[in-house]
Amino acid sequence: MKLDNAATSSNRKGARATGRPTWWFRRARTGATLAACLYVILWGALLGDFANSLSIRQQVLMAIAALASGVLIWAAVRALILQQRFLARQENMEALEESRAFIRALMDNIPAAVWLKSRDHRYLAGNLAWVQTNPMLPRWQSREVDELIGHTDRELFAPERALEFETTDDMVFDTGQGWAHDYDDVTDGEHRFYHTAKVPVWDIRGSVANVAGIGFDVTEMRRNEQDLQRSREQLDVFLNRSTEHICMVDLDRRITLANARLCEFLGVSSTLLIGRDVVDVVVPANLSRAMALFNRLLLGGTEPLEVFDVQDASGSTRQVEVSGALVRTDGSPDTVVVIGRDVTGRKNSCVAE
């Protein structure tokens with residue numbers, strides 16, 4: 001409520017600032033009232049018996065006075081109309097200025113660079129982030145938005161950068177389709193990454209009148225992606241160099257990942273293992289025991305090692321010591337990690353002893 005009242009008060013104060021609207025309004029209202037009364041009296045006298053006692057000259061003067069009062073009434077009404085138009089125009093101007101100030105504050109607080117360009121590559125609008133993140137020429141280091149608006153790419157940037165910006169703008173103008181690209185740049189000695197998108201702005205005739213651009217600083221996201229990629233690479237190296245037979249299994253017992261050691265042990269490629277039921281590699285005699293072990297692993301408890309007979313692609317049967325664990329992470333489905341170790345030689349040596 002305070003904001004609304006303040007805005008209304010400012011509109012009224014603005015109307016009085018020049019002094020002219022209030023002067024016209026008061027005098028127009030008073031003049032209209034007096035003129036209307038005089039008009040009624042005079043015409044009533046002219047039309048009544050009082051006119052018969054007047055001379056021709058007096059009647060003419062009375063008629064002129066009546067006409068003058070009518071003119072005054074018309075002028076007063078006209079002044080009131082002009083007053084209302086003036087106030088409405090002033091309120092519209094103030095609303096427009098408030099809207100512009102709001103849009104400027106909104107754009108400057110957006111955590112992304114935003115700009116608008118014409119077909120001749122001239123900047124029509126831009127926010128504070130656009131000024132701060134763009135590698136402009138040294139003479140524009142003042143970084144004032146109002147000083148940069150109205151200039152072209154060739155005036156603000158180095159020739160090769162300006163040519164690149166103009167080429168992508170022309171692409172949007174010619175095709176009427178959006179364009180996006182990733183940039184990397186060194187800012188204040190720090191390597192940063194930016195994602196830039198440009199979209200066409202259409203006019204009422206269906207033609208591309210302007211190009212709007214928005215740029216995001218995606219340095220943190222790119223670094224997180226790089227860290228995740230390095231972690232995946234390290235995991236792949238660990239899995240493929242491990243001497244254990246390791247696979248990851250979903251809750252339906254389908255294999256989602258298998259390391260090189262397991263594929264080599266079974267004599268099949270990883271593509272043939274992915275999606276396969278993990279208990280299928282166990283001989284039928286051990287199938288029920290393997291399914292029971294997997295069900296216990298789903299409960300999240302710690303299970304003792306169990307030995308199963310496993311048959312590889314060549315039909316050979318070997319014994320594998322199996323353990324596993326349920327892995328739960330936020331935002332990812334539950335997964336069971338199964339680890340096996342070939343103990344065939346160990347059993348044979350025990351039998352020999």
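Read the figures in this text as sums done on the coordinates, not as results from a lab. Small disclaimer: the values here were computed from a predicted structure and weren't measured. All Cβ positions, even for glycine, are placed from backbone atoms using ideal geometry, and neighbour counts span all protein chains on display.
Structure notes:
- Here the 3J(HN,Hα) profile of the stretch 244-249, calculated from phi with Karplus coefficients 6.51, -1.76 and 1.60 at θ = phi - 60°, is 8, 8, 10, 8, 10, 10 Hz, Gly and Pro shown as x.
- Considering only the stretch 242-352, percent of DSSP beta bridges that pair antiparallel, nearest 5: 100 percent
- Alpha-carbon gyration tensor eigenvalues x 5, square-rooted, for the stretch 137-220, Å: 25, 17, 12
- Distance between the 7 Å Cα→Cβ label points at W202 and V343: 7.1 nm.
- Karplus (6.51, -1.76, 1.60) ³J(HN,Hα), θ = phi - 60°, over the stretch 275-284, in Hz, Gly and Pro reported as x: x, 7, 5, 5, 7, 5, 7, 8, 5, x
- Kirkwood-type radius of the stretch 242-352, with distances r between different C-alpha atoms, in Å: 14.3 Å
- Per-residue HN-Hα couplings for the stretch 103-118 [Karplus 6.51, -1.76, 1.60; θ = phi - 60°; Hz; x = Gly/Pro]: 4, 4, 5, 5, 5, 5, 9, 6, x, 7, 7, 10, 8, 9, 10, 8
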